[in-house]
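Down below is the structure, laid out as C-alpha cells.
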Amino acid sequence: MTLVVKKIKERNYYYSFLSYFLADKSRSFSKYIGVKKPTDKSLKKIESQFKVELIKRLSGKDYSNSLMNKDEVIKSILFSIAFDKKYQKLTNLKRRKYDIDSTVIFTLTTLTTEEVDVDLIDVKNALIKTSGMTLREQISKNMLQAVESIKGTHELDQNYLLALHRTIMAKFEVKTPGDFRKKQVYLYRKRSARSSGDRELRYRPPHHSKIIPLLKQFFGWYGKSELNPIEKAAVAHYVLYRIHPFLDGNKRICRLIFNKTLLDNHFPLINISANKEAYFDALVASVETNNPKTFVDFALKQYYLQVKEFLKRKT
C-alpha cells in the first residue's frame, strides 16, 4: 500500500492507495484517511482494514485467508471479475463455443493425467453420442456428465460425492461406482522423465473404517468455511486426496470438487492438471509434509496463468 498526499488550499489530505496488475492493465483503489499523517503503526492497521473492506466490496462476501495473503485474495477476485467481464461480452455463439471447448479440454486433460487411454476425438464423439459408444468414449462421456453436474447447484455432502463417483465410473462395475473403498490403498508417484519407476508416497491413506468419520469432518468444514475460493478449492482437493475414499477415480473426484468450489463462487473452470508434472509435484509435496501450502500456491499460479490466457485472447 502507498500513502498518497493531496494538497488542497495549503492543506494535506491523506489517502491509502492500493494497486494490482492484471493481464495487461492495473486496477487501483484509494481510501481517504484524514488530514493527519498516520503513524507507521496505525498505517498498518489502516492497510489491513482497507484490504478487508476491498474484499467485501469486490466479492460481496467476507472471504477469509490463511495460506494466501489478502493481496492475493484481492487479486484473485479481480481476475475473476475481469474474466466474467470479457466472457459476458462474447456473443452467445462464442460463449457457447468457449463453454464446450473448456469442458472438452478439461475432460481430456483430467483423464489423460491419470494415463487413461482417450484422445480428443473420443471426447468430442462422447459429447454428441447417446449410444453405441466405444469404451474410450464411455469413459469420456462419464466425465463430461460429471463436469455438467458440478456446474449445477448441489450441496457438497456424502450423497453428492457418492453420486459424482457413480457418474464418473458409470457402467464400470469393477470400479465400484458410488461406493467407498473397503480395503487399504497405497499412493504412488508415477514414473516420470525424472524417475526410473513408481515410488510409494511417505503417506498412507487412513483405514477404510475411518473414511466416513473423516468425510463428515470434511463436509462440516467445507460447509462452514469462509476461505476465499482459490484457497478453499485447493485445500478441499488436498484433504479429499489424503482421505482417498474410493478404490479408483480419487484424483478425478478431487479435481471436480476443486472446480465445483470455484464455479459455486463465480470463478472460472480451471484445468488444474494442465501441467501434469508440476501438478503432481505440488500435490505430493503437500501430502507428504501434511501442509497444503505448496498446493495452494500452485493452484493460485495456475489460476492466474489460465485466466491471463483467456484475457489476452482476441475475440
* Find the residue count for the range 8-32, including only residues that are of a type in the set (Lys, Arg) and either within 20 Å of Leu227 (Cβ to Cβ) or surrounded by fewer than 11 Cβ atoms within 10 Å (Cβ to Cβ) (or both). => 3
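Hey, which of the helices (runs of 4 or more DSSP H) in the range 209-278, taking only ones fully inside, have at least 2 residues that are touching a Cys at 6+ places or on another chain (Cβ under 8 Å)?
229-243
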* To do: Among what's in the range 33-46 and is in contact with a Phe, Trp or Tyr (Cβ under 8 Å, 6 or more places away or on another chain) and surrounded by 11 or more Cβ atoms within 10 Å (Cβ to Cβ), pick the residue that is farthest from Thr2 (Cα to Cα).
  => Gly34
* Asked: Going by the conditions given, is Glu173 within 16 Å of Leu256 (Cα to Cα), out of contact with any strand residue (DSSP E or B) (no Cβ under 9 Å at 6 or more places or on another chain) and not aliphatic (A, V, I, L, M)?
  -> no
* Asked: Which condition number in (1) assigned to a helix (DSSP H, G or I); (2) within 25 Å of Asp264 (Cβ to Cβ); (3) free of Cβ contacts under 8 Å to residues at least 60 places away in the same chain is the one that Val174 fails?
  -> (2)
* Structure fact -> Contact list, first residue from the range 232-252 and assigned by TED's automatic domain parsing to the domain that holds Leu111, second anywhere and of a type in the set (Gly, Ala, Ser) and not in a helix (DSSP H, G or I), beta-carbon distance below 9 Å, six or more apart or interchain, is Lys232/Ser225; Val235/Ser66; Val235/Ser225; Ala236/Ser225; Lys251/Ser273
* Confirm whether Asn259 is within 24 Å of Met169 (Cα to Cα), without any contact (Cβ under 8 Å) to a residue 12 or more places away in the chain and either assigned by TED's automatic domain parsing to the domain that holds Arg166 or buried (at least 22 other Cβ atoms within 10 Å of the Cβ) (or both). => no
* Asked: What are the residue pairs meeting all of these: first residue in the range 37-55, first residue in the same structural domain as Leu227 (by TED's automatic domain parsing), second residue aromatic (Phe, Trp, Tyr), Cβ atoms under 6 Å, and 6 or more apart or on different chains?
  -> none
* Asked: What do you reckon, is Thr107 in contact (Cβ under 8 Å) with a residue 40 or more places away in the chain and out of contact with any Phe, Trp or Tyr (no Cβ under 9 Å at 6 or more places or on another chain)?
  -> yes
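Per-residue answers, yes or no, for (1) within 17 Å of Ala299 (Cα to Cα); (2) out of contact with any strand residue (DSSP E or B) (no Cβ under 8 Å at 6 or more places or on another chain); (3) in a helix (DSSP H, G or I):
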position	(1), (2), (3)
Arg27	no, no, no
Ser30	no, no, no
Val52	no, yes, yes
Lys56	no, yes, yes
Met68	yes, yes, no
Leu78	yes, no, yes
* Give me the pairs, please: first residue somewhere in the range 151-169 and of a type in the set (D, E, K, R), second residue anywhere and assigned to a loop (DSSP other than H, G, I, E, B), beta-carbon distance under 6 Å, and either six or more positions apart or on two chains. => Arg166/Pro177; Arg166/Gly178
* Selection status of Lys182, surrounded by fewer than 13 Cβ atoms within 10 Å (Cβ to Cβ), of a type in the set (Lys, Arg) and free of Cβ contacts under 8 Å to residues at least 60 places away in the same chain -> yes
* Structure fact -> Within the range 219-235, the residues that are more than 23 Å from Phe310 (Cβ to Cβ) and not basic (Lys, Arg) are Phe219, Gly220, Trp221, Tyr222, Gly223, Ser225, Glu226, Leu227, Val235
* Asked: Just wondering, is there one or more residues in the range 100-120 that are part of a strand (DSSP E or B) and out of contact with any Lys or Arg (no Cβ under 7 Å at 6 or more places or on another chain)?
  -> no
* Positions within the range 121-149 being assigned to a helix (DSSP H, G or I), free of Cβ contacts under 8 Å to residues at least 60 places away in the same chain and within 14 Å of Phe172 (Cβ to Cβ), in sequence order -> Leu135, Arg136, Glu137, Gln138, Ile139, Ser140, Lys141, Asn142, Gln145
* To do: Kindly indicate the residue of the range 136-174 that is of a type in the set (Asp, Glu) and touching a helix residue (DSSP H, G or I) at 6+ places or on another chain (Cβ under 6 Å) and also farthest from Leu120 (Cα to Cα) among those meeting that condition.
  => Asp157
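The values are calculated or read from the model by the stated rules, or taken from the named source; none is laboratory data. Note that the structure is predicted; figures quoted are calculated from it, not measured. Neighbour counts run over all protein chains shown; Cβ positions are idealised from the backbone, glycine included.
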